[in-house]
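A short write-up of the structure that comes next.
A short reminder: the numbers here are calculations on the coordinates, not readings from a lab. Keep in mind that this is a model prediction, so the values were computed, not measured. No Cβ is skipped: glycine too gets one built from the backbone with ideal geometry, and neighbour counts run over all protein chains shown.
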C-alpha cells in the first residue's frame, strides 16, 4: 500500500464518492482503511448498569483502499 495513516485522501467510489478525509487506521493485510467522516454507521450502545443510558453512537467502518486516491 502506498498510503499510510495521516494521509489526506479523496473517495473515488461508493456512497461517499467525492468526500475528503484523513486516514485514521490502516489494515494492510485486508487492504482496507478507515477514513475520517467516510462510511460512518450508527450502532446502538445498550446500557450495562442501572445508572447508564443507552445511546446511538456513530462508528467509522473500513473501506477498500482501492476506492481512494491520495490528495496532495
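Just one of 15, 7 is surrounded by 11 or more Cβ atoms within 10 Å (Cβ to Cβ) and under 14 Å from the mean Cα position of the chain (by Cα); which is it?
7
Quick check on my filter: what residues within region 26-38 are in contact (Cβ under 8 Å) with a residue 24 or more places away in the chain and surrounded by fewer than 12 Cβ atoms within 10 Å (Cβ to Cβ)?
Correct list: 28, 30.
Go through region 15-43 and give me each residue that's assigned to a loop (DSSP other than H, G, I, E, B) and touching a helix residue (DSSP H, G or I) at 6+ places or on another chain (Cβ under 6 Å).
Hit for region 15-43 is 31, nothing else.
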